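Engineer: Below: one structure in structure tokens.
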Amino acid sequence: MRHSDSFRKLLAAAGLSVLLAACGGGGGGSSPSTSAANASAPTQSVSATPPVTQTLTANEVAVSVDSGVTGVPNMPFVSVTVCAPGTTQCQTIDHVLVDTGSWGLRVFASQLPASMALPQQQDAQGNHLAECMQFFDGYTWGSVRLADVHIGGETASSLPIQVIDPGYSATPSDCMSVGASRNTPTALAANGVLGIGVFMHDCGSNCVQKAVPATYYGCAGTTCTSLAVAENLQVANPIPYFATDNNGSVLELPAVGSNGAASLSGQLVFGIGTQSNNGLGSAQVIGVSPSNGTFTTVQNGVTYTKSIMDSGSTGLFFQSTALPDCASPDNAYYCPTSIEQLSATIEGVNGVTSAVSFNVGNAISLTQTYGSDVVMPLLAGPAFVTSTIFDWGLPFFYGRNVYAAVEQQSTPGGTGPYIAY
């Protein structure tokens with residue numbers, strides 16, 4: 001089984017569920033209650049702080065960590081252009097979350113002009129396809145549509161995407177079984193999600209073999225029925241569908257001091273070893289499970305066998321008895337009395353090991369002192385993860401070039417899936 005259902009949901013939205021808790025979304029957590037950033041955040045903004053202008057090549061797109069839609073820290077954003085297939089009817093959407101822990105593009109119907117009709121994805125039986133994506137504390141719902149997707153100078157033609165729309169048909173009850181609706185930019189804390197992790201499709205063979213509850217549906221009128229879906233019809237990672245530079249990506253973010261910063265600019269580079277700007281160099285290749293994309297982390301004598309590399313997570317999330325939780329209601333985060341300097345070993349399924357050093361700060365003190373900053377490299381906590389999961393969120397990416405090689409694609413570091421840094 002390529003993806004178990006639980007891991008599909010976990011990997012597709014680990015970062016989203018944690019950041020939703022961070023911005024006061026329902027279910028299981030909240031931001032540190034003293035956060036000035038969240039207290040003053042706007043309720044919704046389609047356009048926020050623009051990224052710094054950069055000179056980019058065709059296989060690059062600018063990334064900005066900024067205040068975004070709701071002022072949630074540690075969220076990397078890009079702009080994506082969506083077009084009706086084969087036409088010049090297009091819409092550019094900014095502040096789309098870059099997520100190496102999921103696969104596929106998700107945008108809101110409310111951000112697409114009514115005049116731009118994206119074709120409805122249908123299966124061989126003529127069923128109109130819709131998808132539920134469940135997070136730990138909420139869900140998105142909407143139809144599966146076909147679009148030409150332009151990111152930087154790269155294009156994926158007639159790509160299946162999720163158009164998030166609570167008004168599409170009737171949301172199935174099993175979809176709504178986890179938390180609250182995340183069907184607006186404010187609720188999602190982003191104008192969309194660009195999933196560029198190591199897999200090609202967001203459910204894979206698991207959804208081909210059988211109908212998986214709270215995943216794919218065929219809808220007629222207000223009735224939606226759970227069904228199996230062929231891989232080529234599923235919401236898809238755009239990278240393997242580019243004409244070139246289609247074997248993976250590199251997320252490049254500069255280093256930042258422990259005090260953080262008001263914003264930060266980097267780039268997302270497509271391809272691995274396909275151009276002069278995306279070579280592996282001395283990066284360590286960490287093989288990940290071809291079933292669920294996980295690897296192993298060992299930290300303070302504890303082995304986390306289901307670790308993930310997830311730019312969509314706003315912090316490092318792992319359970320540890322060595323770090324004190326913040327007082328309730330902020331116990332989604334850690335609050336050590338001083339900055340803790342920690343180390344861990346990352347172990348790939350290919351036998352490669354890598355020593356990593358990282359720091360954890362007091363989340364409440366950080367938001368009190370640096371509440372206007374959205375780049376916070378010391379955020380960590382136990383939120384939503386089990387004892388076997390170590391979620392290497394965006395703080396890991398600061399000061400690194402992090403590669404994600406797509407499954408079945410050839411690269412100088414071997415055939416994906418793997419991560420490297």
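Derivation of every value follows stated rules applied to the coordinates shown; laboratory data play no part. Note that this is a predicted model, so its numbers are computed, not measured. Here Cβ is always computed from backbone atoms with ideal geometry, including for glycine, and neighbour counts include all displayed protein chains.
Engineer: Please give the calculated 222 nm ellipticity per residue for the chain, where each DSSP H segment of at least 4 residues contributes -39500 (n - 2.57) and the sum is spread over every residue; nearest 500 deg cm²/dmol?
Structural biologist: Numbers: 6 runs with 42 residues, N = 421.
Mean residue ellipticity at 222 nm (helix-derived): -2500 deg cm²/dmol.
Engineer: Another question about this same structure. Can you list the HN-Hα couplings for the stretch 357-369, worked out from phi with the Karplus curve (6.51, -1.76, 1.60; θ = phi - 60°), rounded to whole Hz and with x for Gly and Pro?
Structural biologist: Each residue's phi maps through the Karplus curve to give 10, 8, 10, 10, x, 7, 4, 5, 4, 4, 6, 5, 8 Hz.
Engineer: Scan around Ala383 for amide H atoms under 5 Å from its own, H built in the peptide plane at 1.01 Å from N, and keep only partners 5 or more places away or cross-chain.
Structural biologist: Amide H neighbours of Ala383, under 5 Å, 5+ apart: Phe318.
Engineer: From the convex hull of the Cα coordinates of the stretch 352-391, what is the mean projected area in square nanometres?
Structural biologist: Details: hull surface 16.4 nm².
The number I arrive at for the stretch 352-391 is 4.1 nm².
Engineer: Hey, another quick one. When Ile389, Ile286, Ile196, Ile339 are ordered from fewest to most other Cβ atoms inside 10 Å of their Cβ, what list results? Intermediate values should be presented prior to the final figure.
Structural biologist: On the way: Ile389 19, Ile286 23, Ile196 26, Ile339 14.
Listed from fewest to most nearby Cβ atoms, that is Ile339, Ile389, Ile286, Ile196.
Engineer: Given a 10 angstrom Cα cut-off, can you work out which residue in Thr225, Thr100, Thr367 is the most mobile in a GNM of the chain?
Structural biologist: Thr225
Engineer: With the calculation restricted to Cα positions, what are the radius of gyration and Dmax of the stretch 143-283 in angstrom?
Structural biologist: Both quantities, over Cα of the stretch 143-283: 18.2, 55 Å.
Engineer: Between Glu231 and Ser289, what is the spin-label point distance in nm, taking each point 7 Å from the Cα along the Cα→C-beta axis?
Structural biologist: Between Glu231 and Ser289, the simple spin-label model gives 1.8 nm.
Engineer: What residue among Phe77, Phe295, Phe199 has the largest mean-square fluctuation in a Gaussian network model of the chain, using Cα springs under 10 Å?
Structural biologist: Result: Phe295 has the largest fluctuation of those listed.
Engineer: Just to check, using Stokes-Einstein with a Kirkwood Rh over alpha carbon pairs, what's the diffusion coefficient of the stretch 279-420 at 4 °C and 1.567 mPa s in µm²/s?
Structural biologist: The Stokes-Einstein estimate is 82 µm²/s.
Engineer: Right, here's the next one. List Met309, Met200 from most exposed to least, where exposure is judged by having the fewest other Cβ atoms within 10 Å. Each step should come with its number before you reach the end.
Structural biologist: Details: Met309 29, Met200 22.
Neighbour counts put them in this order, fewest first: Met200, Met309.
Engineer: Just to check I understand the Karplus step: with θ = phi - 60° and J = 6.51 cos²θ - 1.76 cosθ + 1.60, what whole-Hz values come out for the stretch 105-118, glycine and proline as x?
Structural biologist: 9, 10, 10, 9, 4, 5, 9, 9, x, 4, 6, 9, 8, 8
Engineer: Rg to Rh ratio, the chain, alpha-carbon atoms and Kirkwood radius? Don't skip to the end; give the middle numbers.
Structural biologist: Details: Rg = 19.8 Å, Rh = 21.1 Å.
Rg/Rh: 0.94.
Engineer: From the phi angles alone, apply the Karplus equation (6.51, -1.76, 1.60; θ = phi - 60°) to the stretch 258-263 and give each ³J(HN,Hα) in whole Hz, x where the residue is Gly or Pro.
Structural biologist: 3J(HN,Hα) across the stretch 258-263, in whole Hz: 5, 6, x, 7, 5, 6.
Engineer: Sketch the reach of a paramagnetic label on Thr386 as a point 7 Å from Cα along Cα-to-Cβ, and name the residues of the stretch 276-311 whose backbone nitrogen lies under 15 Å away.
Structural biologist: 292-295, 303-308
Engineer: In degrees between 0 and 90, to the nearest 10, how far off the longest principal axis of the chain does helix 5-22 point, with axes built from Cα atoms?
Structural biologist: Here the helix axis deviates by roughly 60 degrees.
Engineer: Okay, moving on. Quick one: among Ala327, Ala211, Ala114, which has the greatest mean-square fluctuation in a GNM of the chain with alpha-carbon springs under 10 angstrom?
Structural biologist: Maximum fluctuation in the GNM of the chain, among the listed residues, is at Ala114.
Engineer: Now for a separate question. Expressed in nm to one decimal, what extension gain is obtained for the pair Gln91 and Ser343 from 0.36 nm per residue of sequence separation less their Cα-Cα distance?
Structural biologist: Working: separation 252, 0.36 × 252 = 90.72 nm, distance 4.41 nm.
Full extension from Gln91 to Ser343 adds 86.3 nm.
Engineer: Could you work out the mean projected area of the convex hull around the alpha carbons of the stretch 267-350, in square nanometres to one decimal? Before the final figure, lay out the partial values.
Structural biologist: Numbers: hull surface 32.3 nm².
Average projection, Cα convex hull of the stretch 267-350: 8.1 nm².
Engineer: Once the piece of chain linking Thr186 and Arg400 is laid out straight, how much longer is it, given 0.36 nm per residue of separation minus the C-alpha distance between them? Provide the component values of the computation, followed by the final result.
Structural biologist: Working: separation 214, 0.36 × 214 = 77.04 nm, distance 2.94 nm.
Fully extending the segment from Thr186 to Arg400 adds 74.1 nm.
Engineer: Let me ask you something else. How much length would be gained if the chain were fully extended between Ser205 and Ala327, taking 0.36 nm per residue of separation minus their Cα-Cα distance, in nm to one decimal? Can you show the working numbers first?
Structural biologist: Details: separation 122, 0.36 × 122 = 43.92 nm, distance 4.26 nm.
Extra length available between Ser205 and Ala327 comes to 39.7 nm.
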